[in-house]
Amino acid sequence: STVDATKSDNATVTVAPEEVVAAVLSVTVSPATASVAKGGTQQFTAAVAAQGGAAETVAWSVAGGVIGTSISAGGLLTVASDEAAATLKVIATATFDNTKADTAIVTVTEASSTAVGTTHVLPLQLYPNPTTGLVYIDNPDGAEVEVYNVQGALLLRSKAAVIDLSQHAAGAYIIMVGSKAAKVVKQ
C-alpha cells in the first residue's frame, strides 16, 4: 500500500488469447466478364474470404434484365431469349455480411447458329487497372460514362475520358459507357 508499507498482497493475472471475430473479408466472382447469347447460360462461381467461422456462402442476383433472365442459387445465369439489355450485372453478395459483394459484367449477344452476320460488342478499354485514382477510358464518341459500386449504386456520371476514383474507397467498381462495361479495381 502507498499509505502503509507493511500492507501488501499478490495477484495473478491471466491473459486470454484474442478471439478471432467472425467476418467476411471479400467476395470475388469468376469470371469477372462474360459474353452470353440470348437464350444461353453461363456458370459463375464466388470465392468468399472469411475468418472466425463466418459463412462462406453468397446470394446471387442479376440486374438489368427482363423477366426470364435469372440466376440460380448455384450461380447459373440463364439469359432470356427475348433479353433486351445489352449488358447485365451478376452480383454475388455474402450472406454473412451483405456489405461484401462482387459484380461480374455480362455482354448479351444475339443467338446465332452461324457466324455470318454476327456482331460482337468489344469490351470497354480502360487503364490503369488496378488504379489508385485516375482511370483513363476509351471514349472517342464522348458518350456518357457511369460508375457503379458492386452493389449497383450509381456513384458518378460524366462525359469525360478520365474518371477520378481517388475519393472512393478501395474496392471494385463497374464503369459503363453505353452498352460497354468493365470492372476496375481501386487500391
Restricting attention to the stretch 130-157, which residues are at pLDDT below 85 and open to solvent by 70 Å² or more (accessible area, probe 1.4 Å)?
138, 140, 141, 151, 154
Listed by first then second residue, the pairs whose first member lies in the stretch 142-171 and is closer than 17 Å to residue 93 by Cβ, whose partner is open to solvent by 70 Å² or more (accessible area, probe 1.4 Å) and assigned to a strand (DSSP E or B), with beta carbons under 8 Å and at least 6 positions apart or on separate chains, are 148/154
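How many residues, within the stretch 63-91, are touching a Lys or Arg at 6+ places or on another chain (Cβ under 8 Å) and in contact (Cβ under 8 Å) with a residue 40 or more places away in the chain? Even if it seems obvious, please write down each step before you answer.
As a first pass, look at the stretch 63-91 and keep what is touching a Lys or Arg at 6+ places or on another chain (Cβ under 8 Å): 63-64, 79-83, 87.
From the residues that got through so far, the ones that are in contact (Cβ under 8 Å) with a residue 40 or more places away in the chain too are 63, 79-83, 87.
Result for the stretch 63-91: 7.
Would you be able to say whether some residue in the stretch 51-59 is crowded, with 19+ Cβ neighbours inside 10 Å, outside any loop (DSSP other than H, G, I, E, B) and among the small types (Gly, Ala, Ser)?
Of all residues in the stretch 51-59, those crowded, with 19+ Cβ neighbours inside 10 Å come to 54, 58.
Cutting the leftovers down to outside any loop (DSSP other than H, G, I, E, B) gives us 58.
Still in the running and among the small types (Gly, Ala, Ser): none.
No - not one qualifying residue is present in the stretch 51-59.
Go through the residues of the stretch 36-43 one by one and say whether even a single one is outside any loop (DSSP other than H, G, I, E, B) and in contact with a Gly (Cβ under 7 Å, 6 or more places away or on another chain). Break it down into steps so the answer makes sense when it comes.
Residues of the stretch 36-43 that are outside any loop (DSSP other than H, G, I, E, B), as a first pass: 36-37, 41-43.
Those still in the list that are in contact with a Gly (Cβ under 7 Å, 6 or more places away or on another chain) too: 43.
Yes, there is a match, as at least one residue in the stretch 36-43 is outside any loop (DSSP other than H, G, I, E, B) and in contact with a Gly (Cβ under 7 Å, 6 or more places away or on another chain).
Condition (residue is open to solvent by less than 20 Å² (accessible area, probe 1.4 Å), outside any loop (DSSP other than H, G, I, E, B), farther than 18 Å from residue 86 by Cα and at pLDDT 85 or above) applied to the stretch 158-169: is it met by at least one residue?
To start, the set of residues in the stretch 158-169 that are open to solvent by less than 20 Å² (accessible area, probe 1.4 Å) comprises 163, 165.
Those left that are additionally outside any loop (DSSP other than H, G, I, E, B): 163.
Right, trim to farther than 18 Å from residue 86 by Cα and you get 163.
Now drop any that are not at pLDDT 85 or above, which leaves 163.
The answer is yes, given that some residue of the stretch 158-169 is open to solvent by less than 20 Å² (accessible area, probe 1.4 Å), outside any loop (DSSP other than H, G, I, E, B), farther than 18 Å from residue 86 by Cα and at pLDDT 85 or above.
The values are calculated or read from the model by the stated rules, or taken from the named source; none is laboratory data. Fair warning: this is a prediction, and the values are worked out from it, not measured in the lab. Neighbour counts are summed over all protein chains in view; Cβ atoms, including those assigned to glycine, are modelled from backbone coordinates with ideal geometry. The protein model used for the area step is the full one, side chains on, heavy atoms only, and it has no ligands, DNA or RNA in it. Shrake-Rupley method; radii C 1.70, N 1.55, O 1.52, S 1.80 Å.
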